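**Student:** This is the structure I have questions about; it appears just below.
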Amino acid sequence: MYGKGILKGLSVTWKRFWDTYLDDISWWVRGKKRYYTTEGVAHRSSKDARGIFTVQYPEEQLIQPEEFRFVPFLVFDGNEENKEVRCTSCGICAKVCPPQCIWIVRTNDPNTGKPVPQPAEFYVDMDICMNCGFCAEYCPFDAIKMDHEFAIASYDRNVYNLEKLLKPASYYAEIRPLNYNKEEEARKAKEAAKAAKAAAATQAA
Amino acid sequence: MEEHKEENKYEGLNLPNYNIPEDIQNVVSITTIDRLYNWGRRWSVWPLMFGLACCAIEMIAAQTARYDMARFGMEVMRPTPRQADMMLVSGTVTKKMLPSIIRLYNQMPEPKYVVAMGACASSGGPFKEGYNVVAGIDKFLPVDVYIPGCPPTPQALIAGMMKLQEKIDKQSIKKVRWYEKGKNDSNYVPMPILGPDLIDVRRNAEYKEAAAKKEGAA
Amino acid sequence: MTAPASTQTVDLVARFPDSVTADTRPGFSGFIVKKENLVEVATAIRDEFGFDLLSSVTGVDYLAENMMEVVYHVHRTTGGPGLVFKTQVERVDPVEVPSLYSVWVGADFQEREAWDLLGIKFTGHPDLRRILMWEGFEGHPLRKDYKEGFFEEETKPFKSRWPDGHHNYVEFKNPYRDNLIFPEGFDPDNYTPKNEDDLYFSLERSSMKKAEGDLNTDHIVVNMGPHHPSTHGVLRVAVELNGETITSLKPVMGYLHRNHEKIGERNTYLQIMPYTDRLDYFNSMANNFGYAIAVEKLMNIPVAERAEYIRVIMAELSRIQNHFIFIGMLINDLGSMYTPSLYAFEERELILDIFEAVSGARMMCNYFRFGGVVRDIPADVLQKIKDLVFDRLPAKIDEMERFLNENEVLVGRLKGVHVLNAEEAIRHSVTGPVLRAAGVPYDLRRADPYSVYDRFDFDVAVRHNGDMYDNYLIRFDEMRQSLRILEQALKQIPEGPINSQKPQYQVRVPAGESYGRIESPKGELAYYLVSNGKPNPYRYHVRAPSFINLTAVETMCKGVKIADFVALLAMFDIVMGEVDR
């Protein structure tokens, strides 16, 4: 029969149409909120997603996985008044960056002229950055990390300087808890090993 | 605090209970019309159906069910520039493509906006050093919003669109360029020429000078 | 499927003792053919040795040796390893090499590209124009002595970035304050740009050679694109029409030519990885895969067992989402806007969620490293992949089929519209689903297995009519086979490390050449690398399936209606990032 295929296809859209309401009703019957809740968004991103698929950004947001990366930022320990920048200006991120969008000026000791492990200036040209994540991946000091913040559109070009790049370690711990804990543990283990070695050395002496 | 005030200069004017200074009292009706005018425009920005590269795919994704730009009145992608309000430069602008982009832009009626989506459109991005790449569409067109990212996720794109809406809100019907008298298209961009390299005809004199200097140096 | 031919070694030197020598440079392989005998030897390679598919043609500029080399990679559609032969010419201006257009039509675009970017003139090529840059452009950019406007240093990393890296726009270094170079004494005021007559004269102009008894109709030339909703990006096609029937057409590309290869030759090996994401931006996982294989071949390192499985899982998920989008976009091109593509994008989003969770980005994954992958799949994400593969995707593919397959309008548009037959497809070096829909079971996962594909039980999807409907259905077959592979891979995936190497940002690559190829969703994706032992590749070439498939578009579309042309173009599933690179 001519038109059977079209009807078959329409049955799919028809089912999808009703799914929209059925899913809403089933959530309502169970007394749960389908919209504007983390649970609701998680359900819409799962294998059982049916009905309305839309995530109503900006009222609600997709659940970002820990590894999500947008643009880089620099981590500092300590507090706002006394920032201990983790970066030692070793330059690995600038070397590994594929589009070469990282600029670093190393600090030199004014008296001796020798380099100090701290960046004097640090720039990332966000309009060149390709969000590849190499800088964070290869940083040996866990000093540069990829941000989760994506709503950074502006009315001008974006070249971030040190001040704009710095974010506290607590923020980093918040967006990437698993990575943060792993790194902290590794660091503690390293320090413990160092202390043990030092203790052993003094004992031997 | 002072800065904050400056930023919201126009928004403040539109508040009904705003204490209106004497010298602008006779434009009160216009600011109220502004509110209506901008409200209408901000919820019906029709983009040009125009994709260049990777970012175009995220632009399409932003139009589909999950992000649904229709919620912002931006779902009506017009393939013809004559019906479009906004050009979303979504991807790498190459020298070979540039004349077509300029032609499309010149064909768009006012009011028109340009959004540079992604690193490539903003400044050439990772491909900036390439011999066929234009280092940012803002060298030719007036860009209203820059969205960093490579590519910006659909949510980042929507955040950029909201930034554009904010910009629209701040415009006043009295000041906008498209109602100014006696001016013919102030935003007209002359077509660049594809010669031995890309020739921006507005800069011919500069090129000549630079070429002469180079010869002198050599 | 693997032919006995795979074990048989080809000895070209014995066959042509006078004109062929073996390539004995360390790390290199294949044969060097004298330029005068090139066509003769190539014909023998095709007819006597059975290498019917020309995979890639590219040039290498050996500036120090004052030599240009043209490299040909040929394969058998019955499977087995390929053959590489080269011809070397002195680097004079112009460099001339006989064209192999008469042997393999698939050389058409690739020779034009070599002419455009390297300035190698192929004598006997019927239509040797620039292909990626415009006519009138000064210079051949892939030559080693070409320096572009924003040239900073020969290789990355640039020294200006560290330790004294004050931010500086590169514009200030160029005398023209922009990405420009002009020839000496150039006067923009008195310059007349070259017009596009060459392009229009290359069309057949059959209006001039009207046959007896034809109506006195005029032919018109229509330019479709580069801004056109149905050309899948910025492709432009100059079409000559008789009424609504296409009499001749020429694709014009380069509107998204992003100088991938030039930038690649400046990057370190690792830095190229994120750039490959941006080739075929629907399938960054597949692009990573091919490039990783090419470099691993060159470095001669193993890949961690678990990583092999992760790679296969990612590549197959990528294929599924690509084919979903293909179907959605095809229906869009046929005029039924939105609904099917909205459904397709839903499934794509769920797959992209997985990519985002493992790699950090939805589209530009940058997930593969030499010897493995960046990071392990978290347990919850693995569970999510299983949910999709075992639960959701099979049902959704069925739903898509129920939705569209029997739709009378769709069947009416697609059925019986001829795309390509097997012979035409092979002659034009077409690979991927289009070749398989024409009845040639050529799938690299079987024909020349890479990674761990030889461990899985799956069929090569083949259809035999070669019309659009078959081309459409084969996408469903391939998705089903991908699911089969995924199911097995998810069951077999072993525990263990995910990289055989230590993470390092600068890898040591010995001198030599390699050709790594994989079956990307669009066809045979291959990378040709030449290393001279330095941290940057000496030559980096991408054999892009979309680009080479387009060679056949002229043959395919002659005599069809212009409305079908849009759908025919959709069959190739081209992505401009890969076509123009």
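**Student:** Could you tell me which residue of the stretch C:341-355 is most open to solvent (accessible area, probe 1.4 Å), considering only residues that are in contact with a Leu (Cβ under 9 Å, 6 or more places away or on another chain) and within 8 Å of chain A (Cβ to nearest Cβ)?
**Tutor:** The selected residue is C:353.
**Student:** For the stretch A:59-73, which positions are open to solvent by less than 30 Å² (accessible area, probe 1.4 Å), more than 9 Å from chain C (Cβ to nearest Cβ) and not β-branched (Val, Ile, Thr)?
**Tutor:** A:60, A:72, A:73
Results for (1) under 22 Å from residue B:194 (Cβ atoms); (2) open to solvent by 10 Å² or more (accessible area, probe 1.4 Å), shown as yes or no for each residue.
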site: B:125; (1), (2): yes, no
site: B:133; (1), (2): yes, no
site: B:140; (1), (2): yes, yes
site: B:143; (1), (2): no, yes
site: B:148; (1), (2): no, no
site: B:152; (1), (2): no, no
site: B:157; (1), (2): no, no
site: B:162; (1), (2): no, yes
site: B:165; (1), (2): no, no
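**Student:** Considering the stretch C:517-547 alone, what residues qualify as being part of a loop (DSSP other than H, G, I, E, B), farther than 22 Å from residue C:26 by Cα and out of contact with any strand residue (DSSP E or B) (no Cβ under 8 Å at 6 or more places or on another chain)?
**Tutor:** At the first step, the residues of the stretch C:517-547 found to be part of a loop (DSSP other than H, G, I, E, B) are C:521-522, C:532-538, C:544.
Still in the running and farther than 22 Å from residue C:26 by Cα: C:521-522, C:544.
C:521, C:522 - these are the residues of the stretch C:517-547 that are part of a loop (DSSP other than H, G, I, E, B), farther than 22 Å from residue C:26 by Cα and out of contact with any strand residue (DSSP E or B) (no Cβ under 8 Å at 6 or more places or on another chain).
**Student:** Which count do you get for residues in the stretch C:74-113 that are closer than 26 Å to residue C:446 by Cα and charged (D, E, K, R)?
**Tutor:** 1
**Student:** For the stretch C:70-121, name all the residues that are farther than 30 Å from residue B:131 by Cβ, within 17 Å of the chain's Cα centre (by Cα) and among the β-branched types (Val, Ile, Thr).
**Tutor:** C:74, the sole residue that qualifies.
**Student:** Within the stretch A:74-106, can you find the residues that are part of a loop (DSSP other than H, G, I, E, B) and away from chain C (no Cβ under 11 Å)? Step through it out loud before you land on a result.
**Tutor:** Quick first cut of the stretch A:74-106, residues part of a loop (DSSP other than H, G, I, E, B) only: A:79-82, A:86-91, A:97-101.
The answer is A:79, A:80, A:81, A:82, A:86, A:87, A:88.
**Student:** So residue A:40 fits all but one of (1) among the small types (Gly, Ala, Ser); (2) farther than 22 Å from residue C:344 by Cα; (3) more than 14 Å from chain C (Cβ to nearest Cβ); what number is the exception?
**Tutor:** (2)
**Student:** When you check residue C:514 against the structure, is it in contact with a helix residue (DSSP H, G or I) (Cβ under 7 Å, 6 or more places away or on another chain) and hydroxyl-bearing (Ser, Thr, Tyr), yes or no?
**Tutor:** Working: in contact with a helix residue (DSSP H, G or I) (Cβ under 7 Å, 6 or more places away or on another chain): yes; hydroxyl-bearing (Ser, Thr, Tyr): yes.
Spelling it out, residue C:514 is indeed in contact with a helix residue (DSSP H, G or I) (Cβ under 7 Å, 6 or more places away or on another chain) and hydroxyl-bearing (Ser, Thr, Tyr).
**Student:** Step by step: first the residues of the stretch C:147-182, then only those that are among the hydroxyl-bearing types (Ser, Thr, Tyr) and free of Cβ contacts under 8 Å to residues at least 40 places away in the same chain, then the one that is farthest from residue C:547 (Cα to Cα). Which residue is that? Write out each step before concluding.
**Tutor:** Residues of the stretch C:147-182 that are among the hydroxyl-bearing types (Ser, Thr, Tyr), as a first pass: C:155, C:160, C:169, C:176.
Subsequent filtering for residues that are free of Cβ contacts under 8 Å to residues at least 40 places away in the same chain retains C:160, C:169, C:176.
On the way: C:160: 36, C:169: 34, C:176: 33 Å.
Per the criteria, the residue is C:160.
**Student:** Name the strands (runs of 3 or more DSSP E) wholly within the stretch C:210-314 that hold at least 2 residues that are among the polar types (S, T, N, Q) and not assigned by TED's automatic domain parsing to the domain that holds residue C:446? If you could, list the steps in order and put the result at the bottom.
**Tutor:** On the way: elements: C:220-224, C:236-242, C:245-252.
The strands (runs of 3 or more DSSP E) meeting that bar are C:245-252.
**Student:** Next question, about the same structure. Among the residues of the stretch A:21-33, is any surrounded by 20 or more Cβ atoms within 10 Å (Cβ to Cβ) and of a type outside the set (Val, Ile, Thr)?
**Tutor:** Within the stretch A:21-33 (the criterion being surrounded by 20 or more Cβ atoms within 10 Å (Cβ to Cβ) and of a type outside the set (Val, Ile, Thr)), the answer is no, since none of the residues qualifies.
**Student:** Hey, does the stretch A:90-101 have a residue that's open to solvent by less than 20 Å² (accessible area, probe 1.4 Å), in the same structural domain as residue A:142 (by TED's automatic domain parsing) and on the phi > 0 side of the Ramachandran plot? Before the answer, list the steps.
**Tutor:** Applying the first criterion (open to solvent by less than 20 Å² (accessible area, probe 1.4 Å)) to the stretch A:90-101 yields A:91, A:93-94, A:96-101.
Next cut, in the same structural domain as residue A:142 (by TED's automatic domain parsing) only: A:91, A:93-94, A:96-101.
If we keep only those that are on the phi > 0 side of the Ramachandran plot as well, we get A:91, A:100.
Yes: one or more hits.
**Student:** Would you tally the residues in the stretch C:104-128 being open to solvent by 30 Å² or more (accessible area, probe 1.4 Å) and not hydrophobic (A, V, I, L, M, F, W, C)? It would help to see each step written out before you state the result.
**Tutor:** First, the residues of the stretch C:104-128 that are open to solvent by 30 Å² or more (accessible area, probe 1.4 Å): C:115, C:121, C:123-124, C:126, C:128.
Applying the additional criterion that residues be not hydrophobic (A, V, I, L, M, F, W, C) yields C:121, C:123-124, C:126.
Within the stretch C:104-128, residues that are open to solvent by 30 Å² or more (accessible area, probe 1.4 Å) and not hydrophobic (A, V, I, L, M, F, W, C) number 4.
**Student:** Against the definition (more than 23 Å from residue C:233 (Cα to Cα) and touching a residue at least 24 places away in the same chain (Cβ under 8 Å)), how does residue B:165 come out, yes or no?
**Tutor:** Values: more than 23 Å from residue C:233 (Cα to Cα): yes; touching a residue at least 24 places away in the same chain (Cβ under 8 Å): yes.
Against the criterion (more than 23 Å from residue C:233 (Cα to Cα) and touching a residue at least 24 places away in the same chain (Cβ under 8 Å)), residue B:165 qualifies.
**Student:** Still on this structure: Looking at the stretch B:47-60, which of its residues are within 7 Å of another protein chain (Cβ to nearest Cβ) and surrounded by fewer than 22 Cβ atoms within 10 Å (Cβ to Cβ)?
**Tutor:** Scanning the stretch B:47-60 gives a single hit, B:49.
**Student:** Residue C:446 passes all but one of (1) assigned to a loop (DSSP other than H, G, I, E, B); (2) closer than 21 Å to residue C:525 by Cα; which number fails?
**Tutor:** For residue C:446, the failing item is (1).
**Student:** When residue B:72 is evaluated against the numbered criteria (1) facing another protein chain (nearest Cβ under 9 Å); (2) under 30 Å from residue A:52 (Cα atoms); (3) surrounded by fewer than 24 Cβ atoms within 10 Å (Cβ to Cβ), which criterion, by number, is the only one it fails?
**Tutor:** Among (1) facing another protein chain (nearest Cβ under 9 Å); (2) under 30 Å from residue A:52 (Cα atoms); (3) surrounded by fewer than 24 Cβ atoms within 10 Å (Cβ to Cβ), residue B:72 violates only (1).
**Student:** Can I ask one more? What tally of residues in the stretch C:236-260 results from selecting those that are within 10 Å of chain B (Cβ to nearest Cβ) and touching a residue at least 60 places away in the same chain (Cβ under 8 Å)? Step through it out loud before you land on a result.
**Tutor:** Of all residues in the stretch C:236-260, those within 10 Å of chain B (Cβ to nearest Cβ) come to C:236, C:252-260.
In the following step, the residues that additionally are touching a residue at least 60 places away in the same chain (Cβ under 8 Å) were identified as C:253-260.
Residues meeting the conditions: 8.
**Student:** Ok, one more. So which helices (runs of 4 or more DSSP H) are wholly in the stretch A:110-198 and hold at least 3 residues that are more than 14 Å from chain B (Cβ to nearest Cβ) and not aliphatic (A, V, I, L, M)?
**Tutor:** The helices (runs of 4 or more DSSP H) meeting that bar are A:169-175.
**Student:** Which of the numbered conditions does residue B:115 fail, given that it passes all the others? Conditions: (1) assigned to a strand (DSSP E or B); (2) open to solvent by 10 Å² or more (accessible area, probe 1.4 Å).
**Tutor:** Only one criterion in (1) assigned to a strand (DSSP E or B); (2) open to solvent by 10 Å² or more (accessible area, probe 1.4 Å) is unmet by residue B:115, namely (2).
The values are calculated or read from the model by the stated rules, or taken from the named source; none is laboratory data. All figures in this text were calculated on a predicted structure; none of them were measured in a lab. Cβ atoms come from the backbone with ideal geometry, glycine included; neighbour counts cover every protein chain shown. We work out accessible area using only protein heavy atoms, side chains counted, and drop any ligands, DNA or RNA first. Shrake-Rupley method; radii C 1.70, N 1.55, O 1.52, S 1.80 Å.
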